[in-house]
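The values are calculated or read from the model by the stated rules, or taken from the named source; none is laboratory data. None of these values were measured; they are calculated from a predicted model. Positions of Cβ are generated from backbone atoms using ideal geometry, with glycine treated the same way; all protein chains shown enter the neighbour counts.
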Amino acid sequence: MSQAIERLFEAEEFTPQDRVTLDAFLDDLDSGRVRAAEKVDGEWRVNGWVKKGILAGFRMGVLSDVSINDGFRYFDKDTFPLKRFSLSSGVRIVPGGSSIRRGCHVAAGVTCMPPMYINAGAYVDEGTMVDSHALVGSCAQIGKRVHLSAGCQIGGVLEPVGALPVIVEDDALVGGNTGVYEGTIVGREAVLAAGVILTGSTPVYDLVHETVYRSAPGSPLKIPPGAVVVPGSRPVQEGFGKQHGLSLYAPVIVKYRDPKTEGSVQLEDLLR
């Protein structure tokens with residue numbers, strides 16, 4: 001499949017057989033047989049050819065009328081319609097305006113609260129809750145039993161194809177109105193408090209271990225497993241900023257998960 005997708009990505013024109021290849025590729029994404037990134041020997045690695053397949057799908061697609069009825073008019077590429085579910089899929093999709101695009105894997109036991117959106121290439125594993133107004137961007141990888149709280153944004157990283165997408169590992173809690181972007185990895189059981197923003201250029205200050213986490217060329221920002229991250233600030237130390245008492249936003253790790261944290265997180269399970 002990877003070789004077929006590489007050829008598809010380089011094609012200038014598409015044939016009917018190319019559409020068959022794309023459909024098989026999207027079926028593999030839907031089922032979770034292939035994914036945009038996966039853990040190999042303990043490290044996350046991007047599958048660039050998967051991203052190329054999604055990009056080729058957009059180029060191949062034809063703008064089509066995919067309206068539900070006269071009251072719900074939609075026009076989109078015919079290669080990425082809404083993903084089809086059945087009762088046997090085991091996914092709880094609460095009524096109210098959510099959309100899940102073809103070409104993403106949504107495992108059994110996932111709960112989707114309206115309105116939310118999951119884009120092509122994403123992988124959402126078992127038992128995860130995607131809460132109201134949450135976005136799971138293209139190729140984002142979400143682990144098991146994650147809670148993506150209301151209004152959180154998990155950014156999509158489709159291009160460049162070699163860039164690692166945003167990854168949220170198992171049992172993490174992503175608080176309301178948070179934003180995780182630019183290939184950031186949120187470690188297993190980490191907790192992002194409401195309002196935390198993480199990007200590739202955001203240094204994260206660990207008060208417990210007295211260290212600073214940053215991204216570097218070829219290495220994404222990594223939030224350690226079990227870290228509890230809250231919004232903070234740091235003063236500008238010189239010049240105009242110091243003169244006016246200005247501060248810059250700075251996410252801060254204030255502790256690592258403890259029994260008190262576990263009690264708060266367990267309350268979220270009642271919503272599943």
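Quick notes
- Scanning segment 28-35 for any residue that is modelled with pLDDT of 95 or more, small (G, A, S) and under 30 Å from K222 (Cβ atoms) turns up at least one such residue.
- Selection of segment 146-169 for residues being at pLDDT 95 or above and either farther than 21 Å from P251 by Cα or not in a loop (DSSP other than H, G, I, E, B) (or both) yields H147, L148, Q153, I154, I167, V168.
- If you go through segment 9-40 and keep only what is at negative phi and of a type in the set (G, A, S), you end up with A11, A24, S31, A36, A37.
- Across segment 42-99, the qualifying residues are those that are of a type in the set (S, T, N, Q) and within 20 Å of the chain's Cα centre (by Cα), and the one among them that is modelled with the highest pLDDT is N47.
- Cβ separations smaller than 8 Å between residues 6+ apart or across chains give the following pairs from segment 141-169 residues that are of a type in the set (K, R) to residues that are surrounded by 24 or more Cβ atoms within 10 Å (Cβ to Cβ): K144/T128; R145/T128.
- Matching residues in segment 195-205 - criterion: being at pLDDT 95 or above and under 22 Å from H147 (Cβ atoms): G195, V196, I197, L198, V204
- Filter result for the condition that a residue is surrounded by fewer than 20 Cβ atoms within 10 Å (Cβ to Cβ) and out of contact with any Ser or Thr (no Cβ under 7 Å at 6 or more places or on another chain), over H147, H133: H133
- Close pairs (8 angstrom Cβ cut-off, 6 or more residues apart or separate chains): on the phi > 0 side of the Ramachandran plot in segment 225-243, in a strand (DSSP E or B) and surrounded by fewer than 17 Cβ atoms within 10 Å (Cβ to Cβ) anywhere: none
- Out of V208, V229, sole residue that is at pLDDT 95 or above, of a type in the set (A, V, I, L, M) and either within 23 Å of G151 (Cβ to Cβ) or part of a strand (DSSP E or B) (or both): V229
- Residue count for segment 114-130 satisfying the condition of being surrounded by fewer than 20 Cβ atoms within 10 Å (Cβ to Cβ), without any contact (Cβ under 8 Å) to a residue 60 or more places away in the chain and either out of contact with any Leu (no Cβ under 8 Å at 6 or more places or on another chain) or acidic (D, E) (or both): 3.
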